[in-house]
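The values are calculated or read from the model by the stated rules, or taken from the named source; none is laboratory data. What you are looking at is a predicted structure, and each value in this text was computed from that prediction instead of being measured. No Cβ is skipped: glycine too gets one built from the backbone with ideal geometry, and neighbour counts run over all protein chains shown. Only protein heavy atoms, including side chains, enter the accessible area calculation; ligands, DNA and RNA are left aside. Shrake-Rupley method; radii C 1.70, N 1.55, O 1.52, S 1.80 Å.
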Amino acid sequence: GYPPAITSKYPIVNVERVTDNMWHGFVKCTIKGYNLIILHFSPHVVEKKREEADVILETVRQNAPFKKWLIMGDFNSVSPVDKVKYGEAYVNRLRAAEEKHPNQTHLYNGQVDYYVHQSILDFGFVDCAYQDKNYTRDDFGARIDFIYASPDLSKSIVKCGFITDDFTKKYSDHRPVELILNTK
């Protein structure tokens, strides 16, 4: 994958790398009062992704208040807000992957699993892509990289979209997302 780049002219503080109960892990840090979680969820085990989402949300819960939070990275899962994109052909592709690799699970009870993103949305986070007035569902196929913001940041979103350049075309198996926030 293509890890999200964090650029800031401000010091990055309270950096914590968490690997317990995680496939790849996540980094939690604070930049100028903004709480960031940068993650990479399990690519092949649906039950593990569910556990990882719960760990992330518990981390946010334990680090209240629920303000100035951003969660970003490779979720290796799809969102219910994009459900119209995932028909029978998508389910068949996931089913074929499971048959080819019996130790992997991509479906949950034979269906596309939306738990990861639904739990984040139910917590109160907003999908930054849909806060950008120039972003449409037609801009992507199967999206697995996301940026979520706490509701207090939704009006600060200037732009959120895919990075599509020569580097990402060559080195990434999916399109990473960038977010521009108005921090004034």
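Values as computed for the structure displayed
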| quantity | calculated |
| --- | --- |
| Unmet criterion (only one of (1) in contact with a strand residue (DSSP E or B) (Cβ under 7 Å, 6 or more places away or on another chain); (2) surrounded by 17 or more Cβ atoms within 10 Å (Cβ to Cβ)) for residue 143 | (1) |
| Subset of segment 95-110 (residues that are closer than 22 Å to residue 52 by Cβ and surrounded by 10 or more Cβ atoms within 10 Å (Cβ to Cβ)) | 97, 98, 101, 104, 105, 106, 107, 108 |
| Residue in segment 157-182 that is least open to solvent (accessible area, probe 1.4 Å), counting only those that are of a type in the set (S, T, N, Q), at pLDDT below 85 and in a loop (DSSP other than H, G, I, E, B) | 172 |
| Residues of segment 75-94 satisfying the condition of being without any contact (Cβ under 8 Å) to a residue 40 or more places away in the chain, open to solvent by 20 Å² or more (accessible area, probe 1.4 Å) and not polar (S, T, N, Q) | 83, 87, 88, 89, 93, 94 |
